[in-house]
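Here the structure comes first, spelled out in C-alpha cells, and everything after it is commentary.
Every number in this text was worked out from the coordinates using simple rules, so none of it is lab data. Computed from a predicted model, the values in this text were never measured in an experiment. Positions of Cβ are backbone-derived with ideal geometry, glycine not excepted, and every protein chain shown enters the neighbour counts.
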Amino acid sequence: MLHEYRDIITHMKETGAENAHFLRIFNKHNELDDKIAKAEKSEIILTDKEVETLKKEKLLLKDEAYAILIKYKKEHNL
C-alpha cells in the first residue's frame, strides 16, 4: 500500500506510539488485502458481496492512511 511513501511509512514505524493509529490502519489494510487475494484464488470461500465489502473497507482505510501520511509529511518536512 502506498509504495511511493515507503520512506515516510518506515519513519512513522520507527516513532511507534506517536503513530499507533496509522499503524493499525496500515496493518488492517494489509490483512484485508491478503484476505481478498485468498478469496480471489479460491483459497477461502467468500461471496462476491463479501469480497466487494472487503474491497470497499480496504479503500476507505487506504484513503485514511493517505491523509495521515500527507499530514505527517508536512509536519515533519519530509
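If the condition is being in contact (Cβ under 8 Å) with a residue 12 or more places away in the chain and in a helix (DSSP H, G or I), then the stretch 59-78 contributes 61, 62, 64, 65, 66, 68, 69, 72, 73.
Hey, could you check the stretch 33-58 for residues that are of a type in the set (D, E, K, R) and part of a loop (DSSP other than H, G, I, E, B) and say which is surrounded by the most Cβ atoms within 10 Å (Cβ to Cβ)?
As a first pass, look at the stretch 33-58 and keep what is of a type in the set (D, E, K, R): 33-35, 38, 40-41, 43, 48-50, 52, 55-58.
Right, trim to part of a loop (DSSP other than H, G, I, E, B) and you get 41, 43.
Working: 41: 8, 43: 10.
Among residues in the stretch 33-58 that are of a type in the set (D, E, K, R) and part of a loop (DSSP other than H, G, I, E, B), the one surrounded by the most Cβ atoms within 10 Å (Cβ to Cβ) is 43.
Taking the conditions (1) touching a residue at least 40 places away in the same chain (Cβ under 8 Å); (2) surrounded by 11 or more Cβ atoms within 10 Å (Cβ to Cβ) in turn, residue 7 satisfies each one other than (2). For the residues 1, 12, the requirement of being part of a loop (DSSP other than H, G, I, E, B) and either surrounded by 11 or more Cβ atoms within 10 Å (Cβ to Cβ) or touching a residue at least 12 places away in the same chain (Cβ under 8 Å) (or both) singles out 1.
Among 19, 30, which is the only one that is polar (S, T, N, Q), surrounded by fewer than 17 Cβ atoms within 10 Å (Cβ to Cβ) and either under 13 Å from the mean Cα position of the chain (by Cα) or outside any loop (DSSP other than H, G, I, E, B) (or both)? Among 19, 30, only 30 is polar (S, T, N, Q), surrounded by fewer than 17 Cβ atoms within 10 Å (Cβ to Cβ) and either under 13 Å from the mean Cα position of the chain (by Cα) or outside any loop (DSSP other than H, G, I, E, B) (or both).
Are any of the residues in the stretch 23-38 closer than 25 Å to residue 6 by Cβ and in contact (Cβ under 8 Å) with a residue 40 or more places away in the chain? Break it down stepwise before answering.
If we filter the stretch 23-38 for residues that are closer than 25 Å to residue 6 by Cβ, which is where we start, we get 23-38.
In the following step, the residues that additionally are in contact (Cβ under 8 Å) with a residue 40 or more places away in the chain were identified as 25.
Among the residues of the stretch 23-38, at least one is closer than 25 Å to residue 6 by Cβ and in contact (Cβ under 8 Å) with a residue 40 or more places away in the chain, which makes the answer yes.
Screening residue 12 with (1) over 17 Å from the mean Cα position of the chain (by Cα); (2) at negative phi gives one miss only, at (1).
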